[in-house]
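Here is the structure we will look at.
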Amino acid sequence: MRRSAIERLLPAAYQRACVPGSVLWALLEVMEGLHAPDEAILAEVDALFDPYRAPDGLVVRLTRWVAMDHVVAAPRPDAPLPLPLGRLRDLVANAALLARWRGTPYGMRRALELATGVPGFVIDEPAEQPFHIVVRVPATAGGQLALVTRIVEAEKPVAVTAEVALDGPPSPTPEGDSDAAIPTPAPDGDFDAATPTPGPAIGRAAVPHHPVSHPSSAEEPS
């Protein structure tokens, strides 16, 4: 709050006494200086909760708010993140979408692609083994099997068993901006309001297909 604004809140007698060089004037100048840092934070407080604008140290806390903290689960608080911070921001930004499709093949594939920065995950449900899924991991994500396993355990239905299988020998994890290859879905408001047609899901449960018109997916959930 500016000194002049504080002055207007004072009784009339104090306002008349508040002249340059007076003790009251100096006190109001100090008050203005003390308010400035807090007001600067409040002016952009929304940045603290935006996954792409929040400070690096706050992103992990945001994962807890959106129930994605299983991705960064670590035995020690000082352990390094299992994925680049940029991909963690993508997961937080897509948390509402992932929560909506949790327990479906599309939801699991989307979470795995965002977390690893690698497309091409395949989820099979063997006909001879109901309520069991096999998650086939692309070779380029072979160095992230621990992360993949954590996500599979969190995203699958509780009544379904799962195994993670690597397709081919492990390859080095892509470096750099590998997460840029995975498009970010549009906000929830862009979802098609029409009733989608039902389709298969993990565990033989019927769920709707992901809307084909949504720009975030290049394929229809299966």
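All of the numbers you see were taken from the coordinates with simple rules; none came from a lab. Just so you know, these numbers come straight off a predicted model, no measurement behind them. We place every Cβ from the backbone using ideal geometry, glycine too, and count neighbours over all the protein chains shown.
Quick one: compute the contact order of the range 87-168, relative version, from alpha carbon pairs under 8 angstrom and 6+ residues apart, as a percent.
Result for the range 87-168 is 28 percent.
Please work out how much length the chain gains when fully extended from Leu10 to Met31, using 0.36 nm per residue of separation minus the C-alpha to C-alpha distance, in nm with one decimal.
Full extension from Leu10 to Met31 adds 6.2 nm.
Once the mean 1/r over all distinct Cα pairs of the range 36-123 is inverted, what Kirkwood radius in angstroms do you read off?
Its Kirkwood hydrodynamic radius stands at 14.2 Å.
Got a sec to turn the phi values of the range 99-112 into Karplus ³J(HN,Hα) couplings, 6.51 cos²θ - 1.76 cosθ + 1.60 with θ = phi - 60°, whole Hz, x for Gly and Pro?
These are the phi-based 3J(HN,Hα) values: 5, 5, 9, 4, x, 10, x, 4, x, 5, 4, 4, 5, 5 Hz.
Sequence-distant or interchain residues sharing an amide H contact under 5 Å with Ala162, placed H: which?
Ile133
In nm, to one decimal, how far is the modelled label at Ala127 from the one at Phe49, with both set 7 Å along Cα→Cβ?
5.0
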